[in-house]
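The values are calculated or read from the model by the stated rules, or taken from the named source; none is laboratory data. Everything quoted here is computed from the prediction, not taken from an experiment. Because the Cβ atoms are built from the backbone with ideal geometry, glycine has one as well, and the counts that use them run over all protein chains shown. Calculation scope for accessible area: heavy atoms of the full protein, side chains included, ligands and nucleic acids excluded. Shrake-Rupley method; radii C 1.70, N 1.55, O 1.52, S 1.80 Å.
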Amino acid sequence: MSDATLNQLWARALVEELVRGGVRHAVVCPGSRSSPLALACARMDGLRAWSVIDERSAGFFALGLAKQSRMPVVLVATSGTAGAHFYPAVIEAAMSQVPLVVLTADRPLELQGWGAAQTVPQARFYGDFARYYADVGLPEADDAALVHLRATVARAVGVASRAPRGAVQLNVPFREPLAPTPGSFDTKHLSSLAREGRPGAPLTHIVPPARQPDAKVLEEIRARIAATERGVIVCGPRDENDGFAEAIASLAEATGYPVLAEAASQARYGGGPATVSLYDAMLRHEPFARAHRPELVLRFGGGLTPKGPQAWIDGSGAEIVVFSDEGGLFDPVHRASRVVEGSAVAACEALGQGLSRGLGPWARSFLWAEQWTRAALESAFSEEPSLTEMRIAHDVVAAMPDGANLFVSSSMPIRDVDAFAPSMGRGLRVLANRGANGIDGIISSALGVAAASGRPTVLLTGDLAFLHDVGGLLTARRGGVPLTVVVVNNDGGGIFSFLPIAQAEGAKSHYEPLWGTPHGVDLSHAAALYQARFRRPDSPASLRSAVAEGLKGGVHLIEVKVAERARNVDLHRQLFARMAAALGEGPWL
Ligand code: TPP
């Protein structure tokens with residue numbers, strides 16, 4: 001192999017090791033110092049190079065690609081402030097275990113610290129949020145240096161990909177010339193290991209430990225399950241597409257426990273017959289909540305989005321066992337007696353062995369409540385045909401075909417999907433940035449999911465989150481990524497109306513400018529700027545048909561104007577009350 005410059009030889013070796021480690025997508029931001037890396041990404045077989053102009057969007061686009069594909073994705077930035085814009089995506093990756101490999105191109109050592117342009121200290125840019133950091137050093141046409149580079153890249157990919165997954169940073173300095181020059185670079189003196197690595201495999205394959213949970217502990221928990229009828233399985237947000245829904249359905253059948261499945265748990269849409277979606281409403285019915293206090297809770301995934309059910313679990317006095325795939329802990333009030341690390345699917349399979357309780361009166365009581373709260377929800381919607389925020393969440397899910405993706409923004413959209421969009425007999429992949437719950441990078445994250453999956457994808461977002469990352473729409477156009485964006489436009493931050501600050505006398509005159517933050521933006525201009533199809537449906541039927549139309553292809557912006565934010569709080573309370581009241585006096589256990 002020969003290459004036009006030493007920098008090219010170096011960058012090619014680096015990117016070759018990324019691909020051998022399983023990287024299939026590179027998100028490259030424009031810059032000069034990063035040119036050798038950009039070119040190596042664009043030329044590398046087996047790697048799709050995406051160009052994204054704004055590094056903050058690029059970070060979230062990569063996050064979405066990696067969330068969906070569960071494979072590490074590489075990000076490339078030039079030197080200076082560029083790489084700093086990856087920070088929020090790196091944080092989300094760390095908090096929700098998404099594998100990213102960040103390459104920050106840099107100036108050489110002799111330009112550091114003396115005022116050279118676009119030169120800032122880049123070592124450990126992301127602090128503890130990056131799981132690994134190395135400066136790979138300046139390119140050298142030397143066996144030891146190239147083998148070390150390859151091994152370091154292989155190691156970085158290995159760390160990003162093993163539990164707990166997350167972002168890693170490699171700082172990559174280059175001297176000029178940064179562009180390829182005519183002629184070839186002599187590599188004859190190099191060993192084949194330095195020049196080519198190990199074709200078909202990383203130079204150093206770091207094999208992660210087996211993720212089988214501890215057998216003895218599972219045996220103890222199985223004995224506890226066998227002795228306990230009043231148990232529940234609780235599934236919080238979890239991205240994995242590893243047969244989790246099926247494993248949970250079998251565990252429910254074996255244990256006789258209902259499954260409280262959060263919207264983004266991958267256990268709700270496409271879950272088994274024990275799936276309970278409307279737990280938030282049903283647990284607002286106090287006698288029902290009291291009568292259904294569990295004695296054993298098997299928890300999977302992250303924290304539940306709604307507070308009430310979480311408090312019900314924490315206050316139940318039940319024994320709580322947390323199954324943590326990635327070693328992450330979700331137990332902020334310290335109620336869990338055990339945290340079992342290792343594959344959740346493997347844990348489900350092992351726990352169900354030898355048990356066949358089936359769905360008896362205990363589980364059926366939850367499922368009965370699911371039916372009744374659901375009937376109340378549907379009848380409320382049929383009586384009042386206006387597009388409320390709750391109705392939008394419900395109808396967007398209802399309009400989606402089997403196998404599609406739904407990305408849901410933080411703030412009210414994820415809460416509304418969770419509370420008002422029950423399982424509808426279709427398999428959907430529902431993803432959200434629940435690691436740090438940011439409203440940043442939402443459009444770009446959804447685009448990453450759409451790009452990695454090649455499946456119809458809808459984003460449901462609030463207007464502030466939309467405006468926060470509106471520039472992300474550029475990637476839809478430049479990268480040709482189809483996406484249907486539904487914006488719930490309440491002209492500001494609706495979630496704050498649910499909080500005490502909205503009522504506080506002392507903050508009254510400041511509430512709108514500082515929390516409500518109305519903007520009055522006409523979103524059709526955003527559609528025009530990024531050449532998206534724009535629609536503004538004003539009825540449930542026109543919303544559904546706009547979503548169905550959007551899913552045929554292209555970039556679509558669907559804006560739904562909704563009731564004023566304060567009124568939305570009342571509408572939520574009324575609907576929750578109506579659903580809970582449907583449980584009446586029983587019949588329960
Ligand atoms: N900045 C970031 C990056 N993330 C955050 N979560 C916040 C600020 C705080 N925050 C939480 S919700 C919210 C804000 C600013 C308002 C979101 O408004 P919108 O997207 O319109 O959704 P709505 O509340 O109306 O449902």
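For region 171-194 and region 466-522, write down the distance between their C-alpha centroids in whole Å.
48 Å
Please compute the Cα-Cα pair-distance distribution of region 256-313 with 10 Å bins starting at 0, giving whole percents from short to long.
All Cα pairs considered, the percentages come to 21, 59, 19.
Over the chain, what is the mean sequence separation of C-alpha contacts under 8 Å (at least six apart), divided by residue count, expressed as relative contact order in percent?
Reported as a whole number, the value is 14 percent.
When the accessible area of the chain is computed with all protein chains present and a 1.4 Å probe, what percentage of it is carbon and sulfur?
The C+S portion of the solvent-accessible surface of the chain is 54 percent.
Go through Val340, Pro513, Ala123 and say which Cα lies farthest out towards the positive end of the charge dipole of the chain; charges sit on Cβ, +1 for Lys and Arg, -1 for Asp and Glu.
Of the listed residues, the answer is Val340.
Measuring with a 1.4 Å probe in the full set of protein chains, what accessible area per residue, in whole Å², belongs to the chain?
Solvent-accessible surface per residue comes out at 39 Å².
Please determine, in degrees from 0 to 90 and to the nearest 10, the orientation of helix 143-161 with respect to the longest principal axis defined by the Cα atoms of the chain, where the helix direction is its Cα long axis.
Long axis of 143-161 versus the principal axis of the chain: about 10 degrees.
On average over all directions, what projected area in square nanometres does the chain have, based on the convex hull of its Cα atoms?
Average projection, Cα convex hull of the chain: 28.7 nm².
Tell me, rounded to the nearest percent, the portion of alpha carbon pairs in region 1-157 spaced more than 25 Å apart.
For region 1-157, the fraction of Cα-Cα distances above 25 Å is 23 percent.
Just add up the charged neighbours of Val159: K/R +1, D/E -1, any other residue whose Cβ is under 12 Å from the Cβ of Val159.
+4
Could you give the size of the charge dipole of region 180-274 about its Cα centre, using +1 on the Cβ of each K and R and -1 on the Cβ of each D and E, expressed in debye and rounded to the nearest 20?
240 debye
Can you tell me the dipole magnitude for region 113-180 around its Cα centre, using point charges on the Cβ only (Lys, Arg +1; Asp, Glu -1), in Debye to the nearest 20?
So the dipole magnitude of region 113-180 works out to roughly 400 debye.
Looking at the chain only, what percent of DSSP beta bridges run antiparallel? Nearest 5 please.
Within the chain, antiparallel bridges account for around 5 percent of the total.
Between Leu75 and residues 5 or more places away or on another chain, which pairs have amide H atoms under 5 Å apart, with H built 1.01 Å from N, and which residues are they?
It is Val27, Val101, Val102, Leu103, by chain and number.
Just to be sure I understand the model, the point goes 7 Å from the Cα along the line to the Cβ. What's the resulting Asp570 to Thr81 distance in nm?
Here the modelled spin labels are 4.5 nm apart.
What value, in deg cm²/dmol to 500, does the helix sum -39500 (n - 2.57) over DSSP H runs of n ≥ 4 give at 222 nm once divided by the residues of the chain?
The helix contribution divided over the chain gives -11500 deg cm²/dmol.
I need the Debye-formula profile for region 178-261: one equal scatterer per C-alpha, no solvent, reported as log10 I(q)/I(0) at q = 0.18, 0.22 1/Å, two decimals.
Listed by q, the Debye log ratios stand at -0.98, -1.19.
Pop a pseudo-label 7 angstrom from the Cα along the beta-carbon direction at both Gln118 and Arg455 and give the gap in nm to one decimal.
Once both label points are built, they end up 4.0 nm from each other.
Going by Cα centres, region 37-90 and region 353-390 are how many Å apart?
What the calculation gives is 42 Å, centre to centre.
Provide the three semi-axes, in whole Å and in decreasing order, of the ellipsoid equivalent to region 344-430 as defined by the square roots of 5 times the Cα gyration tensor eigenvalues.
29, 19, 11
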